[in-house]
Each structure stands twice: as structure tokens, then as C-alpha cells.
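Since the structure comes first, as C-alpha cells, the remarks are kept for the end.
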Amino acid sequence: MSVVSKKRLLGTMTSKGQTTVPKEVREVLGLSEGAQVEWKLEDGKATVTPRIRRAVDLAGALGKPPNGAHLAVEQMDDAVAEAVVERFLKAVRR
């Protein structure tokens, strides 16, 4: 769907401070349930933009390593490469 250049859409706020994002806005911005949005306040105006997850946002999402060991990026790359080779060889053998 193409982006609408300028359009004003109204919403109503509930007593809990919640508002519904109009369907047209959700479609244009590709928002679905659980999507995060970022509010920016500037000069008495609020701008709302979709929040795109970045890799840094996922840091620590899995908790501490089960064995307490920390790996360097190179070690993780090596482990991923080994796993890819294993899966490939299994798929070829079938």
C-alpha cells in the first residue's frame, strides 16, 4: 500500500490512556498486534513512529549462558558454521 502524503485521522483516548491506531495507519505502517511504537515529544507535538527491533534490543533476551561461559563473536561464528555444515551433510545423505 502506498503511503498517504498528508492526512489527519482522529482517535479517542480511554480513561486508561489507551487509543486505537486507525486501520489505515496500521496498514500503511505495517503494524500488527504487539508492535512497538516510539513517541517523540517536540515543541508541544507528539510524533509516533514504528519501532524496528535492532539486534542490540535483543541483548540479554536469552539470559545468562547455562554453563556460565561467554563466547567471543568468532567462536559463535565458528559454532554456527559447524551447525550449518552438519545440517547440510544430513540433508545430502537423505
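The values are calculated or read from the model by the stated rules, or taken from the named source; none is laboratory data. Being a predicted model, the structure only gives us computed values, none of them experimental. Note: ideal-geometry Cβ built from the backbone for every residue, glycine included; neighbour counts use all protein chains shown.
Overview of results
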{"item": "First in region 6-30 and without any contact (Cβ under 8 Å) to a residue 12 or more places away in the chain, second anywhere and outside any helix (DSSP H, G or I) and among the small types (G, A, S), Cβ under 7 Å, 6 or more apart", "result": "T19/G11; T20/G11"}
{"item": "Region 47-75: number of residues that are part of a helix (DSSP H, G or I) and modelled with pLDDT under 85", "result": "5"}
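Per-residue answers, yes or no, for (1) among the aliphatic types (A, V, I, L, M); (2) surrounded by 10 or more Cβ atoms within 10 Å (Cβ to Cβ); (3) in contact with an Asp or Glu (Cβ under 8 Å, 6 or more places away or on another chain):
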{"position": "L9", "(1), (2), (3)": "yes, yes, yes"}
{"position": "P22", "(1), (2), (3)": "no, yes, no"}
{"position": "L41", "(1), (2), (3)": "yes, no, no"}
{"position": "A46", "(1), (2), (3)": "yes, no, no"}
